[in-house]
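Colleague: What follows is a single structure, and I will ask about it in a moment.
The values are calculated or read from the model by the stated rules, or taken from the named source; none is laboratory data. Computed from a predicted model, the values in this text were never measured in an experiment. For neighbour counting, all protein chains shown are included, and Cβ atoms are generated from backbone atoms with ideal geometry for every residue, glycine included. Ligands, DNA and RNA are stripped out before the accessible areas are found, and what is left, the full protein with its side chains, is counted by its heavy atoms. Shrake-Rupley method; radii C 1.70, N 1.55, O 1.52, S 1.80 Å.
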Amino acid sequence: MARGTTTGQSLFIASKEEIDNLQEINGLAIEHIEQRARKISDNTSDPEWRYRSFDGFIGEDETFKERLHKDWELVETIRMTHVELAAAIQSILNEVEKTREETKQGPMSTIRLVCSFKRPTKPFSFGNLIHSIFKSNNNNNNNNNESSTSSSNYNGDGEYEPQHLEVSKQTYSGHQYSLFYNPQLDVQSTSTSSTSSHTLNITWNDEYTIRNQTNNLEVKVNKGILQYIENFGFYEG
């Protein structure tokens, strides 16, 4: 599957029309991915347990493509691309780690940020938390170890308003493998004595919880979900 450009809604899928034409991702057939995406109840007997989730990535009665269509339709209501939304979340995480380093806080200390977001005209669970690509609140008083951060790029409707974010981080001993991880590509790289550079073959062992203290919404994000959003507009159901 060819990697797209930033002019599309996501990096690998440019438009909703392309969703129905998907045959594979990272060398894995869509039917294979769909099976992985189902909820798993026993991880001792399934050889692909490391790519799966006890909660599942899609509903019991929906297909992977149906879930993509639903996610894309929701994001359209906040007038952002998936690439922009992923960038907004990543910018928050970058600011968290920058603040952590500057204030010499521990690796899993809770970090508080103050941002100004442009509220979308229609509600969306991710959008209501992140609201949009954020813009600095120049009148913010940075007390209580709170940091303000900025970005630009948003062209939606609504007014800017301060948002207080509380971000915690959890690191685990084991690694989660991407839903789209193709171990066969690693085998091929090993057989040719080259380093695997397949961008979708990723793992991670930490997770951030971003809580918006202004509206009490929170979301858990990690390296994997950000890649799912940016590349495919996929939000794990």
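Colleague: Checking LYS98 against (1) farther than 17 Å from ALA86 by Cα; (2) open to solvent by less than 60 Å² (accessible area, probe 1.4 Å); (3) at pLDDT 60 or above, only one condition comes out false. Which one?
Modeller: Only one criterion in (1) farther than 17 Å from ALA86 by Cα; (2) open to solvent by less than 60 Å² (accessible area, probe 1.4 Å); (3) at pLDDT 60 or above is unmet by LYS98, namely (2).
Colleague: Just one of LEU22, LEU28, LEU85 is under 30 Å from ASN212 (Cα atoms) and either surrounded by fewer than 14 Cβ atoms within 10 Å (Cβ to Cβ) or of a type outside the set (Ser, Thr, Tyr) (or both); which is it?
Modeller: Checking each option against the conditions leaves just LEU85.
Colleague: Consider ARG79 carefully, then state whether it is open to solvent by 50 Å² or more (accessible area, probe 1.4 Å), assigned to a loop (DSSP other than H, G, I, E, B) and of a type in the set (D, E, K, R).
Modeller: Taking the combined requirement at face value, the residue satisfies it.
Colleague: Also, quick follow-up: Go through the range 144-202 and give me each residue that's hydroxyl-bearing (Ser, Thr, Tyr), surrounded by 15 or more Cβ atoms within 10 Å (Cβ to Cβ), modelled with pLDDT of 95 or more and closer than 24 Å to TYR51 by Cα.
Modeller: Those that are hydroxyl-bearing (Ser, Thr, Tyr), surrounded by 15 or more Cβ atoms within 10 Å (Cβ to Cβ), modelled with pLDDT of 95 or more and closer than 24 Å to TYR51 by Cα: TYR177, SER178, TYR181.
Colleague: Taking into account only those residues within the range 48-76 that are open to solvent by 60 Å² or more (accessible area, probe 1.4 Å) and acidic (Asp, Glu), which is modelled with the highest pLDDT?
Modeller: Applying the filter and picking the extreme gives GLU66.
Colleague: Within the range 203-237, how many residues turn out to be modelled with pLDDT under 90 and under 19 Å from ARG67 (Cβ atoms)?
Modeller: Residues flagged as modelled with pLDDT under 90 and under 19 Å from ARG67 (Cβ atoms) within the range 203-237 amount to 3.
Colleague: In the range 39-71, what residues are under 18 Å from VAL219 (Cβ atoms) and assigned to a helix (DSSP H, G or I)?
Modeller: Once the filter is applied, which keeps residues that are under 18 Å from VAL219 (Cβ atoms) and assigned to a helix (DSSP H, G or I), the range 39-71 yields ARG67, LYS70, ASP71.
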